[in-house]
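Worksheet: the structure to be examined is printed underneath.
Quick note: the coordinates plus some simple rules give every number you see, no bench work behind them. Remember, predicted model here, so these are calculated numbers, not experimental data. A quick note on method: Cβ atoms are made from the backbone with ideal geometry, for glycine too, and the neighbour counts reach across all protein chains shown.
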Amino acid sequence: MLPIILTTWIGVASLASPLQSNSAETTPGPAQTAVGTIAGHVEPPDSDAIVDPLQVILMSPGWLDVWNGDVQKRLDVYGQRYRAAFARNQDFFDQIANMARRDAIRFVLSRMQRDLGGEFQNLVREVSAEGQFEFTDVPFGQYQVIVLARQDTTNLIWVETVKIDGPIPQFIEVENRVQ
């Protein structure tokens with residue numbers, strides 16, 4: 001399976017971002033808000049078997065905290081439920097951890113759609129036919145990039161964390177397939 005590859009470019013602009021996790025109003029004046037652009041290229045493992053266009057979702061820092069908390073809660077619950085299986089098979093924990101991340105992603109994305117309403121679409125990009133996508137005016141911070149695809153009847157999910165903290169271009173490979 002080939003990895004999905006993202007390339008990230010970051011810059012500074014003076015515009016307020018529609019992607020900010022808080023809805024604070026922009027104050028006029030010379031102060032600049034540090035924002036960047038995340039642009040990437042996606043190559044699915046077998047593009048012929050992909051049914052729908054790939055989607056990339058940017059999870060902002062506040063939602064990343066919700067996701068991390070939900071993953072931990074699920075790991076605690078699943079850990080109690082499957083304790084005996086862990087004792088017999090140490091590798092089973094990796095499967096359970098992926099299940100917790102997958103379920104938490106589904107939960108948080110549903111909650112984001114509900115809570116953000118129409119603004120949720122500002123965090124979603126369809127990947128072009130050439131495999132490219134871009135998020136502009138992204139405030140500095142740590143984000144989760146989620147790639148969703150459907151291959152035949154199977155849903156595929158990849159996640160990668162990206163930190164935007166300066167003008168230096170970053171390159172990341174999304175190899176963390178959750179499902």
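Equivalent-ellipsoid semi-axes for the stretch 49-90 (Cα gyration tensor, √(5λ), whole Å, largest first): 30, 19, 7. The gain in end-to-end length when the R83 to Q121 segment is fully stretched comes to 9.7 nm, 0.36 nm per residue minus the alpha carbon separation.
Near Q132, the amide H atoms lying under 5 Å from its own belong to V42; only residues 5 or more places off or on other chains count, and H is placed 1.01 Å from N. By the count of other C-beta atoms within 10 Å, a proxy for reagent exposure, S128, S60 are ordered fewest to most as S128, S60.
Stretching the chain fully between E134 and D52 yields a gain of 27.7 nm (0.36 nm per residue, less the alpha carbon separation). Rounded to the nearest whole Hz, the Karplus-based 3J(HN,Hα) values (6.51 cos²θ - 1.76 cosθ + 1.60, θ = phi - 60°) of the stretch 87-103 follow the sequence 5, 7, 9, 5, 5, 5, 4, 4, 5, 5, 5, 5, 5, 5, 5, 4, 5, with x at glycine and proline. Full extension of the chain segment joining Q113 with K163 gains 15.7 nm, where the gain is 0.36 nm per residue of separation less the Cα-Cα distance.
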